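The values are calculated or read from the model by the stated rules, or taken from the named source; none is laboratory data. The shown structure was predicted, so the numbers you read here are calculated from the model rather than taken from an experiment. Note: ideal-geometry Cβ built from the backbone for every residue, glycine included; neighbour counts use all protein chains shown. Ligands, DNA and RNA are stripped out before the accessible areas are found, and what is left, the full protein with its side chains, is counted by its heavy atoms. Shrake-Rupley method; radii C 1.70, N 1.55, O 1.52, S 1.80 Å.
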Amino acid sequence: MVQRQLPNPAELLELVRFKKPQLDGRRRRLEASLTIADLRLIAKRRTPRAAFDYTDGAAEGEISLARARQAFRDIELHPGILRPAPDVDTSVQILGGRSALPFGIAPTGFTRLMQTEGEIAGASAAGAAGIPFTLSTLGTTSIEDVQAANPHGRNWFQLYVMRDREISYALTRRAAAAGFDTLMFTVDTPVAGARLRDKRNGFSIPPQLTLRTVANAIPRPWWWYDFLTTPKLEFASLSSTGGTVGELLDAAMDPTISYDDLAVIRDLWPGRIVVKGVQNVADSVRLVDAGVDGIILSNHGGRQLDRAPVPFHLLPQVVREVGADATVMVDTGIMNGADIVASMALGAKFTLIGRAYLYGLMAGGREGVDRTIEILRSEIVRTMKLLGVASLAELRPGHVTQLRRLVPIAEAERTTGAIRP
């Protein structure tokens with residue numbers, strides 16, 4: 001028989017701890033967010049539809065984005081046992097400097113439309129975390145203001161080649177003068193992708209007020225208050241900001257961009273230069289042979305060519321062809337620290353996050369970006385400990401299996417012995 005007794009208040013106090021209430025609504029929301037997906041849900045609730053969809057959406061049927069995220073879900077991780085890793089080192093050396101974590105913040109355009117703190121929040125959070133921050137040519141904060149927000153951190157600049165080449169050359173010189181150490185020469189945007197969510201929402205710069213947008217804004221007065229009571233949007237390059245995003249991109253970008261443009265920018269830029277938007281093995285080899293400091297496997301977050309190659313799928317083959325010493329980075333689809341660990345195991349030297357950062361920004365400004373970084377950091381550390389590795393250098397391709405879901409028809413026929421008709 002179980003012996004029963006009256007509860008002892010002193011013993012109850014040892015078993016129960018009352019949590020101190022968090023009266024700050026923003027902090028309460030962010031503390032309750034355990035994943036990037038949690039931050040995305042908060043961002044969706046707090047941001048007008050047009051601005052949220054600009055961040056969340058991709059091109060056409062959004063197949064490239066869905067495949068990129070699925071590729072990271074379709075991995076198997078292989079832990080080693082009896083390999084103590086009580087403390088792990090998450091730092092890397094990348095492009096001539098240190099990063100405390102194996103990821104940086106990717107360039108994003110029109111960022112202050114997502115949340116008014118914009119690039120200032122991203123740059124200052126990156127500086128505090130010891131990771132690089134990248135400013136987009138289409139960013140809504142000037143080069144100089146980003147440098148002021150992150151004076152002792154690593155600032156990178158993403159460059160589009162504009163129809164008016166002098167605009168691109170002037171931006172290159174300004175970024176160099178401000179102490180930015182790396183330039184991302186972006187090659188996957190000769191024209192704007194068909195971002196259908198933006199077209200359906202009538203998303204434009206500046207935002208256009210319609211009955212639909214007003215109705216959508218009513219439950220989100222804080223966003224409009226911030227937008228209307230803070231300084232006018234400032235773009236890094238565009239002097240004219242009227243029109244849809246696609247119209248702005250098409251007016252600014254030049255489909256004649258070539259290796260000649262890359263050569264000119266290399267002559268102008270005194271620091272490291274990487275090429276962003278590489279999507280096949282042959283281009284990777286040619287660029288590495290040409291002596292660029294690094295390449296970024298990227299399909300622009302699925303926002304340009306839908307059904308483009310998945311960067312994470314390309315990664316192992318590119319690393320084999322260009323050599324393990326080449327600086328190969330990857331973005332698109334990263335939503336978890338395990339995605340980053342898997343990328344590093346398969347040979348990436350670094351990764352970049354875009355939407356994950358913006359979800360945090362929309363969810364809570366600077367504090368939301370801090371929360372994004374902390375979530376990913378904790379996931380990286382936990383994954384490394386469970387794999388039994390104490391440093392990123394210990395990661396090997398054998399730690400990861402990419403499970404096959406999308407297999408080219410020709411390869412499938414060779415595997416199964418099928419005969420072509």
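When Val389, Val341 are checked against the criterion of being open to solvent by less than 20 Å² (accessible area, probe 1.4 Å) and assigned to a loop (DSSP other than H, G, I, E, B), a single residue qualifies: Val389. Tallying residues that are surrounded by 12 or more Cβ atoms within 10 Å (Cβ to Cβ), modelled with pLDDT under 80 and part of a loop (DSSP other than H, G, I, E, B) within segment 207-241 yields 10. Yes or no: segment 46-63 includes at least one residue that is closer than 30 Å to Arg303 by Cα, without any contact (Cβ under 8 Å) to a residue 60 or more places away in the chain and within 18 Å of the chain's Cα centre (by Cα). No, segment 46-63 contains no residue that is closer than 30 Å to Arg303 by Cα, without any contact (Cβ under 8 Å) to a residue 60 or more places away in the chain and within 18 Å of the chain's Cα centre (by Cα).
Do the conditions hold for Glu144, that is, is it open to solvent by 10 Å² or more (accessible area, probe 1.4 Å), assigned to a strand (DSSP E or B) and farther than 30 Å from Ala217 by Cα? Criteria not met by Glu144. Looking only at segment 89-126, count how many residues are of a type in the set (A, V, I, L, M), under 19 Å from Ala149 (Cα atoms) and part of a loop (DSSP other than H, G, I, E, B). Residues flagged as of a type in the set (A, V, I, L, M), under 19 Å from Ala149 (Cα atoms) and part of a loop (DSSP other than H, G, I, E, B) within segment 89-126 amount to 2. Scanning segment 252-284 for residues that are in a helix (DSSP H, G or I), open to solvent by less than 40 Å² (accessible area, probe 1.4 Å) and not acidic (Asp, Glu) yields a total of 5.
Entry remark, segment 316-332: residues being in contact with a Leu (Cβ under 7 Å, 6 or more places away or on another chain) and crowded, with 24+ Cβ neighbours inside 10 Å number 5 in total. Listed conditions (1) under 17 Å from Arg371 (Cβ atoms); (2) in contact with a Gly (Cβ under 9 Å, 6 or more places away or on another chain) are all met by Arg112, apart from (1). Inside segment 150-178, residues that are assigned to a loop (DSSP other than H, G, I, E, B), touching a strand residue (DSSP E or B) at 6+ places or on another chain (Cβ under 7 Å) and at pLDDT 95 or above make up a count of 3. Evaluated against (1) surrounded by 15 or more Cβ atoms within 10 Å (Cβ to Cβ); (2) in contact (Cβ under 8 Å) with a residue 40 or more places away in the chain; (3) over 18 Å from Gly96 (Cα atoms), Arg307 falls short on exactly one condition, (1). Looking across segment 122-152, the residues that are polar (S, T, N, Q) and under 13 Å from Gly179 (Cα atoms) come down to Thr134, Gln147, Asn150. Every test in (1) at pLDDT 90 or above; (2) in a helix (DSSP H, G or I); (3) among the aromatic types (Phe, Trp, Tyr) is passed by Phe185 save one, and that test is (2).
Here's the yes/no breakdown for (1) open to solvent by 10 Å² or more (accessible area, probe 1.4 Å); (2) closer than 22 Å to Thr55 by Cα; (3) out of contact with any helix residue (DSSP H, G or I) (no Cβ under 6 Å at 6 or more places or on another chain):
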position: Gln158; (1), (2), (3): no, yes, yes
position: Met162; (1), (2), (3): no, no, no
position: Arg165; (1), (2), (3): yes, no, yes
position: Ala170; (1), (2), (3): yes, no, yes
position: Ala177; (1), (2), (3): yes, no, yes
position: Asp181; (1), (2), (3): yes, no, yes
position: Thr186; (1), (2), (3): no, yes, yes
position: Gly193; (1), (2), (3): yes, yes, yes
position: Arg197; (1), (2), (3): yes, yes, no
